[in-house]
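See structure below.
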């Protein structure tokens, strides 16, 4: 369900930090709308963050929405790939919001680069090509999802090995869950392979 522009602007004022222009205010409103429309459970979670972290988190999650949907909204894979590559040099509301929070909170831009590169690499695969092992699946989740959490923690001034470790595990679990949401469309033997690998790994971890 789309959130109204007025509601987005209202929430934008509550996100903390200052807006230097009406265009920047509109950019953050766009981020809120994108997250609410396409990542609703994270939208609800972000509302509980402290205001100073909320603005950053919405910009980062909107970036994740834009890059993760690039291939889905294009019927031609080549066009989807172009949309991802386009993200490296664009003028876009989400990019404007990202630039603002990166500058304000001194966020390491290598996290964003790592995320886009992982999306581009995945987009260049054949449509029916999937990760062959659980390790590959976890690596993709680490590159695309954990990076978002690491940047959010960084913006909040949280520098902790324990927090980073937890963020990594949360991202991997989220990535695996999203992947298995597609399991009805995958061959049964493929799903069985992943679950067997995961069970074997967990049994090893206990020893």
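Table for the structure above
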quantity: Near pairs, Cβ below 7 angstrom, 6+ apart or cross-chain, from the stretch 36-59 (more than 18 Å from residue 157 (Cβ to Cβ)) to any residue that is surrounded by fewer than 15 Cβ atoms within 10 Å (Cβ to Cβ); calculated: 37/2
quantity: Residues that are loosely packed, with under 14 Cβ neighbours inside 10 Å and in a helix (DSSP H, G or I), drawn from the stretch 151-168; calculated: 161, 162, 165, 166
quantity: Qualifying residue in the stretch 154-164 (condition: without any contact (Cβ under 8 Å) to a residue 12 or more places away in the chain and under 18 Å from residue 65 (Cβ atoms)); calculated: no
quantity: Yes/no for residue 146 being farther than 28 Å from residue 23 by Cβ, in contact (Cβ under 8 Å) with a residue 12 or more places away in the chain and not in a loop (DSSP other than H, G, I, E, B); calculated: yes
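Just so you know, all these numbers are worked out from the coordinates, no wet-lab data involved. These numbers come from a predicted model, not from an experiment. Every residue, glycine as well, gets a Cβ built from its backbone with ideal geometry; the counts of neighbours run over all protein chains shown.
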